[in-house]
Amino acid sequence: MNWFVRLLAFLLIGSAIASADELPKEPQLRIDGGMHTASIRRLDVSADGKILVTGSEDKTVRIWSLPDGRLLRTLRMPSAPGDVGKVFAVALSPDGRLVAVGGWDDADATTLDYYVHIFNRETGRLEGRLGPHPQVVDELTFSPDGKRLAVGLGDKSGIAVWDVAEWRQIMADGDYGDQVNGIAFSPTGEMAVTSHDGGLRLYSTQFELLGRIVAPSNDRTEGVAFSPDGTKLVVGYVGTMAVDILDAKSLQLLYRADTSGLDIGDLAAVAWSADGQMIFAAGDYYTRGGTEERMQMFAWGDEGRGERLAVDAAGNTVMDLKAMPDGGAVIADANSGFTVYDAKGDVVLRKTSIAADLRGELGDAFTVSEDGTRVRFGLGIEGQDPWLFDMATLRFAESPEPPPGDLKPANIDKLPVEDWNSRDDPTLSGAPLQLDHNETSRALAVEEDGETLVLGTDFALRRYTKKSTPLWRVAVSSIPWGVNITAKDQLLIAAQTDGTIRWYRLADGKEFLALFVNALDKRWIAWTPSGYYAASPGGEDLIGWQVNRGVEEAPDFFPASQFHERFYRPDIVREVLNTYDEEPAIKAANAKAKRPARKDDIAAALPPVIEIASPGDRTSVTDTVVTLSYRVRTPDGQPPEAIEVLIDGRPQGQRGAAVVNEDESLSLDVTIPARDVEVSLIAKQGDQVSVPARIALKWAGPPSEDQIKRKLYAVFVGISDYDKAGLKLSFADDDARDFSENAKAQAGRLYEAVDVKLLTDKDASAENIRGALGWLEEKVGPEDVGLLFMAGHGITDAKQRFYFLPVGGDPEDLRGTSIGESEIRETISALAGKALFFIDACHSADSLKGDVAAADVTAVINRMARADSGVIMFASSGGNELSLERSDWSNGAFTEALLAGVMGGADYEKDGSISTAELNLWLSTQVKKLTQNRQNAVMLKPDTVPDFSIARIPSP
């Protein structure tokens, strides 16, 4: 923040800075999987159509690249539990430099001070706040020349207009009878405003009120847009299907778009196409019939006079609609998604919510086991696409109809509860059940003995006695659409709007466990209130901690993977379902693992924060030496120990660093190859590493004259004939041997040369494996690929440490006889070139006993594929699944599928080569198919490492 903006922000917010004391200082857990998890209230698009901004009630603003849909940056609001931080409005300045964000940001509800936050789009820094305003910010719109920012406010507070050059308020009009939800500027600067008071107002370029009418079709006017020539206005409404076209000067109704035959609903969001020929409208109107009800977007040609056309829009209410400069449109929906259309109405890009749609999780759609460890729910609305999560085994699997017999739906018949389903007046034996004003009941569960019941409402979970007496009320952050009480009557389990399943003690409503599943790729994470978690491969980053830095700075956010060593605790997650309370679960799990009897403090483990100030993302460069300007912060204000430079995800060495005033920057020179690359910086301090700061650089110089001569260096380890009889396998040695031969055949295809070390059975001693790892590290050059394949037994000890068992390894002396994960990671992470690690080490072993167990490969995958390691991980299975072998394959299932994939099965693009992404898709489907869904192969790649080809198939 430069000194002028900082000073001006101080003058604007005045004494309200004290409200920073109301923001939580402790880290707050947040769900974040790279996509919104709550309704997208507003969106905006840049003048060139290349940048899209979306603002959501999940308290984030996301910036997207178009048309590829790449997430460029996430902006976060200073926030607190409850509503504080919810985003209701966003606007992107015409030059694409600034993002204005508004919503519910008053941390002290008694002050009623609300602000517009101004972010720098490229850096993500909060450059200032505009306000205070007397009510929540519901609408934001920049003028076409970017010189004005109009603010629409909630309740009866009207509008305000700010001068962007000086960031001063130049106009306010509080003469409104309800909230403002629509603001539009004409090409010449006139401003139209709609309000739920039924009015449509027109202001001059100097913001004088030129006219005010009662809108023609309804008293809840919502959307408004000028035609590109500024002569007409289109208006949409809440509660009616009317779409009105008005004269932009007289505000007289000219005509209506054809909505004949459209029944209950509305078309509140409207837009005018960039060429002025089409009018778009969408809202809460959906088609009936079929397996799913879908909202529609309509379009009319001839400036709204033409034939009505319809396209599929979303699975929930369309919240906002904007025209695209190419003649198309983009919509945002209440299901957390957005869709971009071209001028023909074809979908260019669709991003859907990653959260399960848990609306209507009633009856058999939401069933649980007697002890609460197993829960079955649908990833789609009303229980569609049912899956089952087992907290005891930490397995997540499809669960087709019918539900398992030992899983029971909520009991709703033991007490005469009526009018509880989407009603605000539920009763028990005719007596009302107490709710707050505007609170609607959504779900019901009754104890088996009929003594108490629980309602899930828009705002809370509520428990009552059979005489309607309230026992407790627990506020919730999202609506519980399904609730269930276990047969033991000790647990309450709720399915909520944000896609989470949450466990509560029935006695007092205290939450002690939560589960979130990515409905698209099926990654999951389960966590306790303090953040101890278990996760699938890649699932660690579905949650993280937000740390407020006061009202003048953007908060920090740290994904859970940054704290893996302390907070990855599947043992605590399992234990908490025995204790129903986190504290005793931590003590019990620590005692079993022989860990110190302490509770970890996330605030004491915060890592450094680094950002690249320049050059900007996707900058074109012509020199192989690029100067990066960066800023770095550490929790204690001390210099970080090192700055790690990565090129396309691979470490390039460490540099020293110093901490200066965070408004200043440091610089370093980075040498890049003469091609498009991604450069990342990671700050390190002790055992903490920052989230990578990343930029893509586009090579605009002459092509390199040096032809890349890539080599493959590979180590293959496969052990079937273990010294201990109970450990013997059938085909691990064949797996290594067959994959080794396949790799050798790549010489002269993708690689100039292939050099392999093969260690099987008696040759796969600990000494020989360590020697091969050293050889691999020594040989791999910057343009080469290093590959490590290990098949055999993997073992996890009580402290969650992984060991690979050599041929003479002893499970009772892992540290003395085995290869520890740290040794493997140290080698594979240090390779100068690209690093691939294939592991097939989760076999059963009857001889295992004591404090060891078959490998928790998930932990290995997540640790190896961290950004600071830069390793692409392929694993035969995830979690506690076994790796299966079969004699008719003469291989394990993983290698059987792997060999078929690199020989051509995985060539989905039909270009003769196999990329890491293609191999991932192939393995994830084929291993499951080979094993009848008993084994699931996993690939995990750091975001900093781009996809690349790893094999070329032989010519026919």
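Structure data summary
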read-out	value
Residues that are buried (at least 20 other Cβ atoms within 10 Å of the Cβ) and assigned to a strand (DSSP E or B), drawn from segment 208-226	Thr221, Glu222, Gly223, Val224, Ala225, Phe226
Selected residue [modelled with pLDDT of 90 or more and closer than 27 Å to Asp856 by Cα] from Val927, Val938	Val927
Matching entry among Leu506, Leu453, Leu492 (being farther than 28 Å from Trp524 by Cα, of a type in the set (A, V, I, L, M) and surrounded by 19 or more Cβ atoms within 10 Å (Cβ to Cβ))	Leu453
Residue tally, condition of a type in the set (D, E, K, R) and under 18 Å from Ala683 (Cα atoms), over segment 538-563	1
Residue check, Ala514 of a type in the set (Gly, Ala, Ser), more than 28 Å from Asn936 (Cβ to Cβ) and without any contact (Cβ under 8 Å) to a residue 60 or more places away in the chain	no
Condition broken by Asn590, with the remaining ones in (1) assigned by TED's automatic domain parsing to the domain that holds Val670; (2) surrounded by 15 or more Cβ atoms within 10 Å (Cβ to Cβ); (3) polar (S, T, N, Q) satisfied	(1)
Lone unmet requirement of (1) charged (D, E, K, R); (2) more than 37 Å from the chain's Cα centre (by Cα); (3) modelled with pLDDT under 90 for Asp687	(2)
Residue among Ile331, Ile381, Ile412 that alone is of a type in the set (Val, Ile, Thr), free of Cβ contacts under 8 Å to residues at least 60 places away in the same chain and crowded, with 16+ Cβ neighbours inside 10 Å	Ile412
Selection count where residues are among the small types (Gly, Ala, Ser) and buried (at least 18 other Cβ atoms within 10 Å of the Cβ), scope segment 791-825	5
Listing of strands (runs of 3 or more DSSP E) fully contained in segment 227-326 that carry 3 or more residues being under 34 Å from the mean Cα position of the chain (by Cα) and closer than 22 Å to Val347 by Cβ	269-272, 279-286, 295-300, 308-314, 318-323
Output for segment 735-753, where each listed residue is crowded, with 20+ Cβ neighbours inside 10 Å and hydrophobic (A, V, I, L, M, F, W, C)	Ala736, Phe739, Ala743
Residues within segment 140-169 that are outside any strand (DSSP E or B) and over 22 Å from Gly230 (Cβ atoms), tallied	8
Long-range neighbours under 7 Å by Cβ, at least six apart or interchain, first residue farther than 13 Å from Ala172 by Cα within segment 204-218, second assigned to a loop (DSSP other than H, G, I, E, B) and of a type in the set (Gly, Ala, Ser)	Thr205/Gly189; Leu210/Ser204; Val214/Gly198; Ala215/Gly198; Ser217/Ala242; Asn218/Gly239; Asn218/Ala242
Exclusive hit being under 20 Å from the mean Cα position of the chain (by Cα), farther than 22 Å from Asp266 by Cα and in a strand (DSSP E or B), set Leu388, Leu349	Leu349
Among the candidates Gly901, Gly879, residue that is surrounded by 18 or more Cβ atoms within 10 Å (Cβ to Cβ) and modelled with pLDDT under 90	Gly879
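Here is a yes/no grid of residues against (1) within 16 Å of the chain's Cα centre (by Cα); (2) surrounded by 20 or more Cβ atoms within 10 Å (Cβ to Cβ); (3) assigned to a strand (DSSP E or B); (4) assigned by TED's automatic domain parsing to the domain that holds Arg549:
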| residue | (1), (2), (3), (4) |
| --- | --- |
| Ala38 | yes, yes, no, no |
| Leu43 | no, yes, yes, no |
| Leu52 | no, yes, yes, no |
| Gly55 | yes, yes, yes, no |
| Thr74 | yes, no, yes, no |
| Ser79 | no, yes, no, no |
| Gly103 | no, yes, yes, no |
| Asp106 | no, yes, no, no |
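The values are calculated or read from the model by the stated rules, or taken from the named source; none is laboratory data. Just so you know, these numbers come straight off a predicted model, no measurement behind them. Don't worry about glycine lacking a Cβ; one is built from the backbone with ideal geometry, like all the others, and counts go over all protein chains shown.
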